[in-house]
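Undergrad: Once you've had a glance at the structure underneath, I'll fire off some questions.
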Amino acid sequence: MLQQKITAMNQCTVLIIGAGPVGLTLACELARRHVDFRIIESSAVPTHGSRAKALQPRSLEILNDLDIAEELIPQGYTELPFRKFNGSQMIGETPRITFPRNDTRYPKTLLLPQPKVEAALRNKLEGLGGKIEWATELTDFTQQDGSIQCRLENPNWTEELTCTYMVACDGGKSTTRKKLGINFAGETHHTQQLWVGDVEVEGLKPDAWYNWLSPVFGMAFALFPFKNSNAWQLQAVMPPDENGNVPAPTLDGFNQLFKERTHMEGVTFTDSSWQSIYRVNIRRAEKYRVGNVFIAGDAGHVHSIAGGMGMNTGIQDAYNLGWKLTAVINGEAKDSLLDTYGEERIPIADWLLETTSHRQQVMLAGATSGKTGFDSLATEDTTQLNLNYHGSSLNIAGLTTASGLQAGDRVPDVQLTDGSWLSDKMRGPEWKLLLFGNKQPTGFHKVLNVIKSDAALRQAYGLSEGAVLIRPDGYIAFITAKAAEVNSYFGSSNFFAIN
């Protein structure tokens, strides 16, 4: 018996397309700010393939602001070594490269499968009162007079929905981006393709990230064991045929390729729960906004997987956009604030494409020479802690502190004299103000979270008198020697509505 489809006409303020890490981060940001939204996902259930497997330090800081970083830490690795082979011959083992620094509580990359991150975000969203509408697809939309008319389809119903804003977090093949007519400029590297998958392995100890290096393939084979799991992520370079095609991966194919490239006896893949082909695409959308529709994550940028920054950059896109949408929706800011989303995030995407392409070349050169594998990918920049918005029109020129801090910098975290972290005091969706010195003026416009400095904070920030105004996404907006000048930031800005 055919199920009856019911057409409804409803409204919401923000429609989020896609319930991966990017859409979920944005949904959590809106939910904790009590913004009306809906989030839809075309898949009927959460995807299970491991896909991305790295949370960089900057993303961990964001997830700490959402109060879920600490639950993720025990689920992944930060210290797993690289074990390198040439065929069946082990040629060395190297520890993970880390970049110690005292301005974050999360200096190390956390390695865990993407579904773990998504599960934590879903749980957080549910706790905030949000829910995902599964098996629901945006099939058409039009914009007119500041509103968006959407058609949603589910196996059981169709719906005509009117929303004020829409954010497409629907991946590199984004149908929303295509509908908007946004050019996705770049290139596809047809000669650089990989088999990837999740497998169960017999015959190897799950205590290292195994890399098989080859003068022919570069990275001939790689196996990464997930913590507290029987699953490993498999990666293997697969040169395409003369037509640019690569055969579909299978469990038998994985086993055969492993034997051909490693000549290692006693190792078998006994099961495979996910298989895919990865093609290197290096592309960036020419703009992130058309009217009241925005794109985020892979819908705006795709790149080499080298360095593990794709999911992270998408999470950071959502974190940038969420507070700005809220401010405009609540009448606290002008529509022009939303233009700073693309202004700030597009340069980050350009940096991302350049950096990952370079790290890919470094990795392939090292693997082909038989010296290094994935251990060559990490740099201090790939932590994403050094990214900044120095050129943003949201900044107002002010002081540069003795420690070099200026408007547009990420706010350094500091372990305070009582042993706690500054980030614990900063958790939440408000603007923050760090006050330095004995003068403690009150009555700040908009600023809801005022934090008084201590000796550790004064030393780390290189400021003894004045104030640091911090945006809701943890970047410095203004530094002044006179705390009373903070209100001038909002009064002189072209973005904020003064009531």
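The values are calculated or read from the model by the stated rules, or taken from the named source; none is laboratory data. Just so we're clear, the structure is a prediction, and the values are computed from it rather than from any experiment. Here the Cβ is made from the backbone with ideal geometry for all residues, glycine too, and neighbour counts use every protein chain on show. To get the accessible areas, we keep the full protein, side chains included, count just its heavy atoms, and leave off ligands, DNA and RNA. Shrake-Rupley method; radii C 1.70, N 1.55, O 1.52, S 1.80 Å.
Undergrad: At R0 = 22 Å, how high is the FRET efficiency between T188 and V290 if r is their beta carbon distance? Nearest 0.05 is fine.
TA: Computed FRET efficiency for T188 and V290 comes out at 0.40.
Undergrad: To continue, here is another question. For region 131-183 and region 204-264, compute the distance between their C-alpha centroids and round to whole Å.
TA: 37
Undergrad: Which percent, to the nearest 5, of DSSP beta bridges fully inside region 150-293 are antiparallel?
TA: Values: 38 of 39 bridges.
Here the share of antiparallel DSSP bridges comes out near 95 percent.
Undergrad: In region 378-485, what percentage of the DSSP-assigned beta bridges are antiparallel, given to the nearest 5? Write down the numbers at each step before the final one.
TA: On the way: 11 of 15 bridges.
Taking every DSSP beta bridge with both residues in region 378-485, the antiparallel ones total about 75 percent.
Undergrad: Please report the carbon-and-sulfur percent of the accessible area for region 1-115; probe 1.4 Å, protein heavy atoms only, DNA, RNA and ligands left out.
TA: For region 1-115, the apolar C and S fraction of the accessible surface comes to 54 percent.
Undergrad: I want to check the label-to-label distance for N230 and H34. Put each point 7 Å from Cα in the C-beta direction and report it in nm to one decimal.
TA: In this crude spin-label approximation the distance works out to 4.8 nm.
Undergrad: I want the local charge near I40. Using Cβ-Cβ distances under 13 Å, sum +1 for each Lys or Arg and -1 for each Asp or Glu among the other residues.
TA: In short, -3.
Undergrad: Evaluate the relative contact order of the chain (contact order divided by residue number), counting alpha-carbon pairs under 8 angstrom at least 6 apart; express in whole percent.
TA: Computed over the chain, the figure is 17 percent.
Undergrad: Can you list the lysines whose alpha carbon is less than 29 Å from that of K179, not counting same-chain residues fewer than 8 positions off?
TA: K5, K131, K287, K324, K334
Undergrad: Report the net charge of residues surrounding T191, where surrounding means a beta-carbon distance below 13 angstrom and charges are Lys +1, Arg +1, Asp -1, Glu -1.
TA: -2
Undergrad: Ordered by residue, what ³J(HN,Hα) values in Hz, to whole numbers, does region 386-396 give under the Karplus form 6.51 cos²θ - 1.76 cosθ + 1.60, where θ = phi - 60° and Gly and Pro are x?
TA: Once θ is set to phi - 60°, the couplings for region 386-396 become 8, 5, 8, 10, 4, x, 6, 6, 6, 7, 10 Hz.
Undergrad: Nearest 500 deg cm²/dmol is fine: what mean residue ellipticity at 222 nm does the chain get from its DSSP H runs of n ≥ 4 alone, each adding -39,500 (n - 2.57), divided by its residue count? Spell out each step's value before the answer.
TA: On the way: 11 runs with 126 residues, N = 499.
Rounded to the nearest 500, it is -7500 deg cm²/dmol.
Undergrad: Quick one: work out the % antiparallel among DSSP beta bridges in the chain, nearest 5.
TA: Percent antiparallel among DSSP bridges in the chain is about 70.
Undergrad: Another question, if that's okay. Calculate the spin-label point distance for D418 paired with S403, positioning each point 7 Å from the Cα along the beta-carbon direction, and give it in nanometres.
TA: Taking the two extended label points, one gets 1.9 nm.
Undergrad: On to the next question. Could you do me a favour and compute the accessible area per residue for region 274-345, 1.4 Å probe, result in Å²?
TA: Result: 26 Å² per residue.
Undergrad: Say R0 is 30 Å: what FRET efficiency, to the nearest 0.05, do H390 and T13 get from their beta-carbon distance?
TA: Efficiency for this residue pair is about 0.40.
Undergrad: Ok, one more. Translational D (Stokes-Einstein, µm²/s) of region 369-499 at 10 °C and 1.306 mPa s when Rh comes from the Kirkwood sum over C-alpha pairs?
TA: Numbers: Rh = 15.9 Å.
Rounded, D is 100 µm²/s.
Undergrad: Percent of Cα-Cα pairs more than 21 Å apart in region 1-133, please.
TA: 54
Undergrad: Would you mind listing how long region 262-371 runs along its three principal axes, going by Cα atoms, in whole Å with the largest first?
TA: 66, 32, 18
Undergrad: Say each of E93 and T270 gets a label point 7 Å from the Cα, pointing the same way as Cα to Cβ; how far apart are those two points in nm?
TA: 2.3
Undergrad: Continuing with the same structure: If the chain between E354 and N156 were fully stretched, how many nm would it gain, using 0.36 nm times the residue separation less the Cα-Cα distance?
TA: That pair, E354 and N156, stretches by 66.8 nm at full extension.
Undergrad: Of all alpha-carbon pairs in the chain, indicate the percentage at a distance above 30 angstrom. All intermediate terms of the calculation are to be shown ahead of the outcome.
TA: Working: 62787 of 124251 pairs.
Summing the P(r) tail past 30 Å for the chain gives 51 percent.
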